[in-house]
Amino acid sequence: MRTSRAVSGGATISDVAEAAGVSRATVSRVMNGLRGEDELTRRVREVAERLAYRPSVTARSLSLGRTLAVGVVVPDLANPMFQAVLRAVTDGAYRAGYGVVIAETAGRDEREVDVVRATRARCDALVLVSPQMSDAALEAASVELGPLVLVNRSLPGSRIASVNVDYAEAMFTVLEHLVELGHESIAYLQGPPTSPSNRARFEGVDEAQVSFGGTSLVTLPCGPTVADGYAAAEAVLATRATAVVAYNDQVAFGLLAHLGELGVSVPEDVSVVGFDDIELARYSSPSLTTVHVPHDELGAHAWGRLGAQFAGKAAVADDHESDTLTEILPTRLVVRASSGPAPAGSASTAAAARRTPRPEGLA
């Protein structure tokens with residue numbers, strides 16, 4: 001009977017123990033990586049492979065006192081940006097022998113804390129992608145629910161490990177690009193008010209207003225979706241702005257679609273710039289100028305920091321003078337067909353001439 005089960009891939013721990021001439025406890029320790037490498041360990045593994053033995057996930061978790069899973073909480077699973085981060089975390093977890101529990105808050109801030117707590121109950125650690133809860137709530141979560149790593153969110157002065165990009169710097173770079181093209185009136189379609197990355201973009205707008213004298217920077221309420229961008233088109237045209245910066249690429253896609261329906265040519269009449277550089281950005285019509293955010297790297301680095309916590313190692317920031325554990329990854333502006341010179345007669349090079357030096361420390 002045991003030979004039959006082994007051939008069919010249904011061998012038990014007792015089958016392996018008998019064939020290897022060891023106890024069930026020894027087989028368990030070998031299969032869970034709790035025994036050092038020696039001849040006995042190699043023999044048990046060879047027998048387990050020959051018998052096609054697969055340890056029970058439940059039994060393994062009980063033996064180790066862990067679930068061998070990590071939770072990843074995102075605001076919106078439909079957003080390609082979050083999908084890319086999730087894919088990278090999942091790849092790292094899989095290679096380390098961990099499963100992944102995925103949860104979505106559906107953009108509802110009021111349920112975020114409950115979703116995070118429920119997810120943590122099913123796994124050993126958390127990766128929170130773009131969490132929108134307050135700083136105080138995050139601090140409390142780090143104590144109650146750790147190990148914990150943040151993505152697209154930083155908490156200055158905190159000991160919570162995080163991986164982020166400098167959205168203020170990226171926004172400044174976008175506005176500088178548009179000013180250099182002669183645009184003197186620029187609109188920003190803002191994201192969710194509670195979004196930390198949206199607030200960081202506003203910091204870039206404030207820096208640009210200091211540096212680019214005479215440039216009109218108008219902000220309009222919008223949101224994070226294609227539908228939000230589509231709905232904002234007429235409000236954008238009412239500002240008479242010659243360039244628009246969208247909160248993300250999805251908003252930019254919606255805006256491009258509606259502008260096309262209204263007979264507005266991009267970039268001849270209005271330039272449009274997005275954020276994220278998701279895969280579809282290069283295939284939109286026209287192809288989208290956008291900020292490339294390294295989503296895959298964000299996820300991979302987040303897993304690396306979580307793995308370090310599992311190993312009992314303190315994660316350290318690249319900048320050893322920093323009082324945070326935040327790692328900042330670089331962004332870059334990808335210039336494509338959707339941005340171009342301001343329409344003739346609506347702008348001049350005066351804005352560039354009036355430019356003042358960027359505030360100290362922000363160069």
Long-range amide H partners of residue 165, meaning residues 5 or more apart or on another chain whose placed amide H is closer than 5 Å, are 152, 329
For the pair residue 140 and residue 287, the simple spin-label estimate (label points 7 Å beyond Cα toward Cβ) gives in nm 4.9
Residue-normalised value, i.e. accessible area per residue, for the stretch 58-171 at 1.4 Å probe, in Å², stands at 42
One computes Rg over Rh for the stretch 256-298 from alpha-carbon atoms, with the Kirkwood Rh, and obtains 1.06
Reported to the nearest 10 Å², residue 287 has, with a 1.4 Å probe, an accessible area equal to 30
Expressed in angstrom, Rg and Dmax over the Cα atoms of the stretch 148-305 are 15.8, 52
Per the rule of 0.36 nm per residue minus the C-alpha distance, extending residue 335 to residue 12 adds in nm 110.4 nm
Phi-derived 3J(HN,Hα) across the stretch 298-311 with the Karplus relation (6.51, -1.76, 1.60, θ = phi - 60°), rounded Hz, x for Gly and Pro, is 4, x, 5, 5, 5, 5, x, 6, 5, x, 5, 5, 4, 7
In the stretch 201-305 the accessible area split gives carbon plus sulfur, as whole percent at 1.4 Å, a share of 52
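Give the accessible surface of the stretch 191-252 per residue, rounded to a whole number of Å², with probe radius 1.4 Å and ligands, DNA and RNA excluded. Walk me through the numbers before you get to the answer.
Numbers: 2400 Å² over 62 residues.
Result: 39 Å² per residue.
The values are calculated or read from the model by the stated rules, or taken from the named source; none is laboratory data. Just so we're clear, the structure is a prediction, and the values are computed from it rather than from any experiment. Methodologically, a virtual Cβ is constructed for each residue, glycine included, from the backbone with ideal geometry; neighbour enumeration extends over all protein chains shown. All accessible areas refer to the heavy atoms of the entire protein, side chains included, with ligands and DNA or RNA removed. Shrake-Rupley method; radii C 1.70, N 1.55, O 1.52, S 1.80 Å.
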